[in-house]
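One structure is given here, and the rest of the page talks about it.
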Amino acid sequence: MDSIKSYDAQIKLDVDISFINMPSKYGKVLYKQGETTKVTSEDFIMLPKRGLDLTLNEIFKYPFITVNRGEANHKGILCKVINLIPTSSKSDFSIATIFMDTKAKRIVKSEISTKMEGVFTTYLDYKNYADILPMKIEVEFAVNSVKIPLRFLGKETEVDRKALKQEGSKTGKIFLTLSEIKIVK
């Protein structure tokens with residue numbers, strides 16, 4: 001990702017949240033090195049924003065230590081697993097676990113435990129070995145930890161408010177598919 005100065009792509013967003021029925025949404029994602037990734041769309045606002053930080057710039061923003069956790073298999077790929085533990089109280093995460101495909105030199109999975117928003121697990125799927133950017137991204141999170149402003153979920157979205165208010169832990173998933181990717185190195 002350090003070799004990318006910028007990229008833009010079309011994005012398709014789908015959700016799997018028990019109390020939300022939402023059709024696929026479409027937009028555009030724009031990234032410029034050193035800036036926050038931007039998602040634009042006519043009918044949705046990206047939630048949670050943490051899920052689209054493919055550079056993981058937020059976790060590298062403040063000093064941290066690394067702990068080697070050895071190797072683990074992820075979808076048939078032998079990955080190096082490390083923990084990142086922040087050494088600054090300014091960091092908004094408490095620990096991150098990163099699964100790296102060392103042969104392809106890319107991250108294929110991350111588990112980030114935030115201080116305020118719960119745990120976000122992100123799976124990055126690449127079309128082929130040479131791709132720098134993933135084609136598909138899956139973000140899994142605890143819904144009760146994320147404050148979802150329901151009015152921003154877009155047109156044609158139905159919310160089962162009774163199911164929303166039920167007790168118990170709820171998880172959600174967001175599926176992002178990138179297409180028409182243009183990368184500037």
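The values are calculated or read from the model by the stated rules, or taken from the named source; none is laboratory data. Keep in mind the model is a prediction, meaning the values are calculated, not measured. No Cβ is skipped: glycine too gets one built from the backbone with ideal geometry, and neighbour counts run over all protein chains shown. The area values use the complete protein model at the heavy-atom level, side chains included, leaving out ligands, DNA and RNA. Shrake-Rupley method; radii C 1.70, N 1.55, O 1.52, S 1.80 Å.
Considering segment 14-25 alone, what residues qualify as being in contact with a Ser or Thr (Cβ under 7 Å, 6 or more places away or on another chain) and surrounded by 18 or more Cβ atoms within 10 Å (Cβ to Cβ)? Correct list: I20, M22, K25. Determine, yes or no, whether K28 is in contact (Cβ under 8 Å) with a residue 40 or more places away in the chain and loosely packed, with under 15 Cβ neighbours inside 10 Å. In short, no. Of all residues in segment 1-42, those that are within 16 Å of I183 (Cα to Cα), in a loop (DSSP other than H, G, I, E, B), polar (S, T, N, Q) and more than 17 Å from the chain's Cα centre (by Cα) total 2.
Taking the criterion of being open to solvent by 20 Å² or more (accessible area, probe 1.4 Å) and in a strand (DSSP E or B), the residues of segment 125-142 that qualify are D125, K136, E138, E140, A142.
Quick one: which of I59, I112 is surrounded by 15 or more Cβ atoms within 10 Å (Cβ to Cβ), under 18 Å from the mean Cα position of the chain (by Cα) and not in a strand (DSSP E or B)?
Of the residues listed, the single one that is surrounded by 15 or more Cβ atoms within 10 Å (Cβ to Cβ), under 18 Å from the mean Cα position of the chain (by Cα) and not in a strand (DSSP E or B) is I59.
Residues in segment 1-25 that are within 14 Å of I174 (Cβ to Cβ) and hydroxyl-bearing (S, T, Y): S18, S24.
Being open to solvent by 40 Å² or more (accessible area, probe 1.4 Å), of a type in the set (S, T, N, Q) and either under 19 Å from E71 (Cβ atoms) or free of Cβ contacts under 8 Å to residues at least 24 places away in the same chain (or both) is the filter here; which residues of segment 82-109 pass it? Residues satisfying the conditions are S89, S94, T102. With the structure loaded, tell me whether I45 is open to solvent by 30 Å² or more (accessible area, probe 1.4 Å), modelled with pLDDT under 95, not in a strand (DSSP E or B) and not basic (K, R) or whether it fails that test. Yes.
Against the conditions (1) closer than 20 Å to I181 by Cα; (2) at pLDDT 85 or above, I77 satisfies every one except (1). K105 meets each of the listed conditions (1) more than 18 Å from the chain's Cα centre (by Cα); (2) among the charged types (D, E, K, R); (3) at pLDDT 95 or above apart from (3).
If you go through segment 62-77 and keep only what is without any contact (Cβ under 8 Å) to a residue 24 or more places away in the chain and part of a strand (DSSP E or B), you end up with I65, T66, V67, N68, G70, E71, N73. Taking the criterion of being among the acidic types (D, E), part of a strand (DSSP E or B) and either at pLDDT 75 or above or farther than 21 Å from K28 by Cα (or both), would at least one residue in segment 161-177 satisfy it? No, segment 161-177 contains no residue that is among the acidic types (D, E), part of a strand (DSSP E or B) and either at pLDDT 75 or above or farther than 21 Å from K28 by Cα (or both).
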